[in-house]
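Throughout, read-outs are computed from the coordinates displayed, never taken from laboratory work. This is a predicted model, so every value here is computed, not measured. No Cβ is skipped: glycine too gets one built from the backbone with ideal geometry, and neighbour counts run over all protein chains shown.
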Amino acid sequence: MTIAVCSQGSEVDSTVDQRFGRCAYFVLIDPNSEQFESIINPALDAGGGAGVQAAQLLGNKGVEVVLVGNIGPKAISVFNAANINVYTEIQDTVEKTMALYQEGKLKLLSEPTVSSHFGFRQGGGSRWR
């Protein structure tokens, strides 16, 4: 199983990023072996469709679970269609968030937590920086 965590950095001690489509990195973790790899989110600065692009990337990487803070309607639909579970209420670091997931303390989602274009207004990808 591979779990993706939205992160501001590339390590397990990095702070999580509450935005899904515009997070800086995805830390991919195999909870059985505790091995991880980080990938830069290529959709970070997309003009539009960042959530869908990021969701497709993770689906193509074989991710089965995604741990997010906020996620929009288009991205959650991609995950729902692919039977990829999405959990929310991430906090602190990637490592702490993984511990919360393994303890069953994160909330399983089937619907978005924010409206479309939420992350764009939060500074990521904005051409008006």
- Among [x] 0.93; [y] 1.15; [z] 1.02, the entry matching Rg/Rh (Cα atoms, Kirkwood Rh) as calculated here is [x]
- Message: How much length would be gained if the chain were fully extended between Glu64 and Ile39, taking 0.36 nm per residue of separation minus their Cα-Cα distance, in nm to one decimal?
- Response: 7.4 nm
- Item | Pairwise FRET efficiency - Ser77 versus Thr15, Cβ, R0 = 30 Å, nearest 0.05 | 0.60
- Query: Can you give me the Cα centroid spacing of segment 1-39 and segment 77-97 in angstrom?
  - Reply: 10
- When only C-alpha pairs under 8 Å and at least 6 residues apart count, what is the relative contact order of segment 3-121, in percent? 27
- Query: Based on Cβ point charges of +1 for Lys and Arg and -1 for Asp and Glu, what charge dipole magnitude is obtained for the chain about its Cα centre, in debye rounded to the nearest 20?
  - Reply: 680
- Message: Mean-square fluctuation check for the chain, GNM, Cα pairs under 10 Å: which of Asn41, Asn80, Asn32 is largest?
- Response: Asn32
